[in-house]
Every structure is written in C-alpha cells, then in structure tokens.
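So the structure is just underneath, and the comments pick up after that.
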C-alpha cells in the first residue's frame, strides 16, 4: 500500500512545479523564436524548394539528434533529405554530399568545430548553406548563405548547460521549414499517403473503397421486404444494418439496430419502408478512413454505406466500426 505524508506531498508539488517551470521556459523560447522569424525564413524555404538534389541536415551532439528528426520530417513530407554526422563526414561520409544539394547546419553556439569540414566541403562544391545558430557572428553563421537566428535564451537546465530550450527551438524551426515547404510544393494527402504506405499514418489515409465490403456482402433489401426478412439480412450479414434500395438500386433508406428499437411495434407485420431512416449518412469511395470514422463518430452510427463515384445514389460497399478497429483505427 502506498502512503503519503506531508513531506512526500511537498516533494510531489515541488517536482510538479519544476516540470511546469521547464515547460513555461520552453514555451517562452518558442514565442521568442516566432518573433525572430523574418525574411530569412522565407528565403530558406524558397532555397529548399529550388534544391535539385537532396537536403542534407547536420549537427553535433543534441543538435545532431534534432538534425536527424528534421531530415526525417522533411523526407516524410515530400522533400528528400538525409542526415550526415559531421564527425563521420570527415572520415569519408562527405561523399554523400554532392553538387545540387542544400546543407542545413544546426549549432546553438555556432562554433562547433566538427562542422567545419562539412561546411568547407560544401563551399568547395558551391552548395548553398542554411545556418541555424544563436550567435550571428559565429563560424556557422558566417559560412551560411542564409542565416536563421535563434534567440539567445537560457536552457531550462539550472546550470544552463543541458540543451533543452535550444533544442526545442531547433526542432520547432525544422517543423516550420518542413510545413512551409510542404505548402509551397503543394504536397497533398495523396502524396503523403504514397510516402506512408504502412503504419498509423498509412492506415488513416487509406480510402474506404480499399477496406469496404461490397458485392454479395452488401446487406440490401427492398422497401416492401417484410421486417422478419430484414432482420434476417441484418443478422446474417453481420453488420447490424441493412440498406433499403428502390427498383433502380438507389439507396433510399437504412435500417439499424436503433431503428428496430424505435419501431418495435412494426416488426411483426411491417415492411422495410415502415422502419427505415431516410436520407442516411453516406460517404464517397475516396473518403479517407479517418474522415469516414469521424462521420460515424459525429453521427453516433456504427456503419456507413460507401456510394459509387459516378452515381452517388447507388451503394457500392459498406464499412463497419469494427473494420476501423481491425485496421488499427478507433
């Protein structure tokens, strides 16, 4: 059994206060960074958009970790990018950097000696350099063609040593570059889907036409179908719902478990037309899974019919809430 005394409560409050203090410090740093953005940011995005080769991102230590993340974010949003370790670069990896590339260099102080060989190699190849540092007169910024200046703020570390606020700013700046570049390049959801065929993002961007049940699996009845047969269709198909189609095959209504409860008196001798809900919620075939799931959640329904692309009144499939769960969405 865990017990708490006054001392443990005081310690807990102190820890909580410290956590909030760190978050405030980093939030304040991001606010200052936002105010620091100027035309150099726009110039950097336009340079990245014009890059014929790859975007090469480098940094040492914690800045290197941020550089890896920035390169990954750029690649994931349609801008081919790689991370190069500055120490390894000086031992042969400089061959990864070629004419046509653009270099992004991260260093809070701007004076990291391991970055010098990388920057010199890029200067020799006439590769443009975007520098990210907090000191405008530092070697990194002096070597850069475009300078993205970070505000000089204290680290959240009490000794002002451990990179905290500085790395948060680098990471946020990298995200800002990637998102702005994504907009400039007109990268849309379809492009992101191609770059993320697997994982949670790929699942969210899957079209419902690729996960729906169609053909003989469609639970369809006619308006004049007796309710006892409608219930048989609903239970045998396993969706807990049935679509009602007219003589031309157009969807004119839907019957769900909720409709059965609301019309319990009509189940004995009633027909589908007596019980169905008209104007049911439907989705087009190219609707993304996450959007279809939102439609279902917003309308508190467990199934939704997918309509034909060229004939939006005609059902081509159905998806159930369990399909999204099976795909890892909920």
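The values are calculated or read from the model by the stated rules, or taken from the named source; none is laboratory data. Everything numeric in this text was worked out from a predicted model, so none of it was measured. Cβ atoms come from the backbone with ideal geometry, glycine included; neighbour counts cover every protein chain shown.
Could you check the stretch 249-268 and list, in sequence order, the residues that are over 21 Å from residue 213 (Cα atoms) and without any contact (Cβ under 8 Å) to a residue 40 or more places away in the chain? Give the steps one after another, and end with the answer.
To start, the set of residues in the stretch 249-268 that are over 21 Å from residue 213 (Cα atoms) comprises 258-268.
Once the filter is applied, which keeps residues that are over 21 Å from residue 213 (Cα atoms) and without any contact (Cβ under 8 Å) to a residue 40 or more places away in the chain, the stretch 249-268 yields 258, 259, 260, 261, 262, 263, 264, 265, 266.
Give the residues of the stretch 274-283 that are out of contact with any helix residue (DSSP H, G or I) (no Cβ under 7 Å at 6 or more places or on another chain) and either surrounded by fewer than 15 Cβ atoms within 10 Å (Cβ to Cβ) or assigned to a strand (DSSP E or B) (or both), sorted by residue number.
Taking the stretch 274-283 and keeping what is out of contact with any helix residue (DSSP H, G or I) (no Cβ under 7 Å at 6 or more places or on another chain), we get 278-280, 282.
Result: 278, 279, 282.
Would you mind finding the one in 306, 254, 264, 325 that is touching a helix residue (DSSP H, G or I) at 6+ places or on another chain (Cβ under 6 Å) and either at pLDDT below 90 or buried (at least 18 other Cβ atoms within 10 Å of the Cβ) (or both)?
Values: 254 fails: touching a helix residue (DSSP H, G or I) at 6+ places or on another chain (Cβ under 6 Å); 264 fails: touching a helix residue (DSSP H, G or I) at 6+ places or on another chain (Cβ under 6 Å); 325 fails: touching a helix residue (DSSP H, G or I) at 6+ places or on another chain (Cβ under 6 Å).
Unique residue meeting the criteria: 306.
Might you let me know whether the stretch 261-272 holds any residue that is within 24 Å of residue 323 (Cβ to Cβ) and within 35 Å of the chain's Cα centre (by Cα)?
No, the stretch 261-272 contains no residue that is within 24 Å of residue 323 (Cβ to Cβ) and within 35 Å of the chain's Cα centre (by Cα).
Taking the stretch 57-66, which residues are assigned to a helix (DSSP H, G or I) and either closer than 18 Å to residue 180 by Cβ or not assigned by TED's automatic domain parsing to the domain that holds residue 94 (or both)?
Within the stretch 57-66, just 66 meets the criteria.
Quickly run through the stretch 36-48 and pick out the residues that are at pLDDT 95 or above and either surrounded by fewer than 23 Cβ atoms within 10 Å (Cβ to Cβ) or in a strand (DSSP E or B) (or both). Can you show your working first?
In the first step, residues of the stretch 36-48 are kept if they are at pLDDT 95 or above; the result is 37-48.
37, 38, 39, 40, 41, 42, 43, 45, 46, 47 - these are the residues of the stretch 36-48 that are at pLDDT 95 or above and either surrounded by fewer than 23 Cβ atoms within 10 Å (Cβ to Cβ) or in a strand (DSSP E or B) (or both).
Which one of 214, 243 is surrounded by 15 or more Cβ atoms within 10 Å (Cβ to Cβ), closer than 21 Å to residue 285 by Cα and touching a strand residue (DSSP E or B) at 6+ places or on another chain (Cβ under 8 Å)?
The unique qualifying residue is 243.
Please tell me if residue 17 is touching a residue at least 60 places away in the same chain (Cβ under 8 Å), assigned to a helix (DSSP H, G or I) and farther than 23 Å from residue 101 by Cβ.
Details: touching a residue at least 60 places away in the same chain (Cβ under 8 Å): no; assigned to a helix (DSSP H, G or I): yes; farther than 23 Å from residue 101 by Cβ: yes.
Judged against the criteria, residue 17 is not a match.
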